[in-house]
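Note sheet for the following structure.
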Amino acid sequence: MLKMMGKTSYPSSNSYCSNSRRGTPFLHSTPAVVVAAALFHSQSKATKSGETHLVRDPHPHPPSNPKVEDALKVFHEMLRSRPLPSSVIPFNQILTQLVKLKHYSAVIPLFKQMLLRRIVPNDYTLNIVINGYSHLNQMGFGLSVLAKFFKLGLQPNVITFTTLINGFVLHNQVPEAARIFRQMLQAGHCKPDAVTFGTLIKGLCMRGDNSAAITLLRKMEETGCQPNVVSYSTIIDSLCKDTLIDEAMNLFSEMISRGIAPNVVTYTSLIQGVCNIGRWKQATRLLHEMVSKGIFPDVVTFSVLVDTLCKEGMVVEAKTVVQMMIQRHIEPNIITYNSLMDGYCLRGEMDEARQVFDLMISKGSMVNVRSCSILINGYCKGKKIDRAYKILKEMRLMELVPDTVTYTTLIDGLCKAGRIQEAEKLFSQMQRCGQHPDVQTYAVLLDGLCNNRQLSTAIELLKEMEANKVELNIVVYTLVIEGLCKAGKIESARDLFCGLSSKGVQPNVRTYDIMIRGLCHQGLLIEAENLLREMVGKGCSPDGCTYNTIIRGLLNNNETSWATRLLQEMLERGFSADASTMELIVDLLSKDTVDPGLLALLKDSV
DNA sequence: CTAGGGTTAG
């Protein structure tokens, strides 16, 4: 689940919706229909107007990159040259270069200029263009390129469909991707190959469905398509991210026993996996193992080590690893330095963090929006809000556009510093700048409002979220419920709580805990216990924390025998009294107002 | 090096 959230991109309008307003050829067709038409090479009726793809570039001023500038320059020289190059291949080469530089937004306009100069694209060109649309989340246009194939008498091939599948996978539309995959199997003449399988496996992993991914891996073999190092590594990485290290290791052994050699990617995933659960010895063992096989750690492997050390607070060691990289002529990249910078930020060593930042700038603007967000976060955590603001201003000079994370980080900092009005101002500013607040942004602001007793504003904001169809989760509702409870507005909290299921949101243990605490605080003890009993049936069993909460609530209401009963129940279920419950009991004992039975129980529990 | 898949940072 965390994985999914992490990989979810900003809320963006569905490509079909946005395209339909612009007269896309496949306006009334579903992707399945379009793909079927292509696979069975029956020409679709709506195949003209493939060229009117006027979509505004979401990044009108991308940061300049010398390699990109170079590629664009060569392309335009070629377009201007007379006579024109007789082959489309050099054009394809440039487009490929741009894709490799991840400058997808340039691919489409260049392609259109080619068409205007009557350069006839080939199947390679069209596949590159589909890849461009895929990365730009414009799958409607990507599909529309299929029509272009037929117009030019070309045949879409396995790469075409794999690219489309990848496009849907990239944007969390795995069912769409799977549909194309099934259609390929059905049509028969354009069979999925190892890359097609690998792409869909990745999609399933992104959804957190490792077992479906493994099933597909097995299906590859049945279909006579040998799994390769990528097929295995994709699943191994996904298992590692879910901390299922043993399963990952099993798959790792399996690939080796089948003669598929792991590579640096496979090892890097495993090393990250074991580091993540603190198995340092195993990480060292894996490092030695890979080197003994002649597989050498690369910048990614080292970056994983740097990041892990930093997250453990071992930033000195992380810096040593960076120096080691440089000695070995493995240049740390922006990710390595961002990790190191965050390591300093986590320890509040902002001068050192700033030094890394300046070092990155000195390396020819090796900073991106993330670097700035990390530094802003560091300053905010150190209560140096004005320093953080300064970074935001500096971003403009560096032509970096603050994103949702940048704003959210600073809004959080302002809230935590009690500067709610400024936080709200920045919230409006980010929207004016075209950055969409996401769930996290709202959560941060809601938390700030609740902690500053601005509950009516918080509730208004919650309504705004519901109206804007922001994907709401239980964490957000729980924040507001907590705020209401703390303010003693138990009726409003109860209303919100009871309305959750109708919104399709399930309360979690923390939500119940907060409600029970709130009810106890108002002396609504029967209702509190009822809620505790309700939990099991809702598939959300109370934990030690819940029991401690209700027991403290009962004790605070002088219901010692009731508390004793629940304490006994808690002990029977294998939970024990926590420090603050103990403190409360000791306090009551000293006042000699406690049930002797409670004392006896307490002896058992310690 | 004419086209498609897997590993790193907030």
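Some observations on this one:
- Seen against the Cα atoms of chain A and their longest principal axis, helix A:210-222 is set at about 40 degrees.
- Surrounding net charge for A:Leu84, when Lys and Arg each add one and Asp and Glu each subtract one, Cβ distance under 11 Å: +4
- In nm, spacing of pseudo-spin labels at A:Glu399 and A:His521 (7 Å Cα→C-beta vector): 5.2
- With the convex hull drawn around the C-alpha atoms of chain A, the volume per residue stands at 204 Å³.
- For the listed residue pairs A:Lys112/A:Lys191; A:Lys100/A:Lys148; A:Lys73/A:Lys100; A:Lys384/A:Lys425; A:Lys383/A:Lys463; A:Lys151/A:Lys191, the alpha carbons are over 26 angstrom apart in A:Lys112/A:Lys191; A:Lys383/A:Lys463.
- Rough spin-label spacing in nm, given labels placed 7 Å along Cα→Cβ, for A:Glu289 and A:Asn368: 3.1
- Only one residue of A:Leu251, A:Ser87, A:Pro507 has its Cα farthest out toward the positive end of the dipole of chain A, where Lys and Arg carry +1 and Asp and Glu -1 on Cβ, and that residue is A:Ser87.
- Summing charges over neighbours of A:Ser580, with a neighbour being any other residue whose Cβ is under 15 Å away from its Cβ, gives -2 when K and R count +1 and D and E count -1.
- Residues A:Asn473 and A:Asp386, FRET efficiency given R0 of 45 Å [Cβ-Cβ distance, rounded to 0.05]: 0.90
- Cα-centre dipole for chain A with unit charges at Cβ (Lys and Arg positive, Asp and Glu negative), debye to 20: 2500
- The residue among A:Ile459, A:Thr441, A:Gln421 whose Cα reaches farthest toward the positive pole of the charge dipole of the stretch A:373-472, with charges on the beta-carbon of Lys, Arg, Asp and Glu, is A:Gln421.
- Distance between the 7 Å Cα→Cβ label points at A:Arg328 and A:Asp495: 6.2 nm.
- Low-density loop cleavage sites - trypsin sites (Lys or Arg not before Pro) in the stretch A:105-196, where at most 14 other Cβ are within 10 Å (DSSP): A:Arg117, A:Arg118
- Ellipticity estimate at 222 nm from DSSP helix runs (n ≥ 4, -39,500 (n - 2.57)) divided over chain A, nearest 500: -21500 deg cm²/dmol
- Using alpha-carbon coordinates, inclination of helix A:420-432 to the longest axis of chain A, degrees: 20
- Against chain A, whose longest principal axis comes from its Cα atoms, helix A:455-467 is set at around 30 degrees.
- Selection from A:Gln355, A:Met395, A:Val291 lying farthest towards where the dipole of chain A points positive, charges on Cβ: A:Met395
The numbers here are math on the coordinates, done by the rules we state, and not lab data. Bear in mind that the values here come from a model prediction, so they are computed numbers and not experimental data. Reconstructed Cβ throughout: ideal geometry from the backbone, glycine too, with neighbour counts over all protein chains shown.
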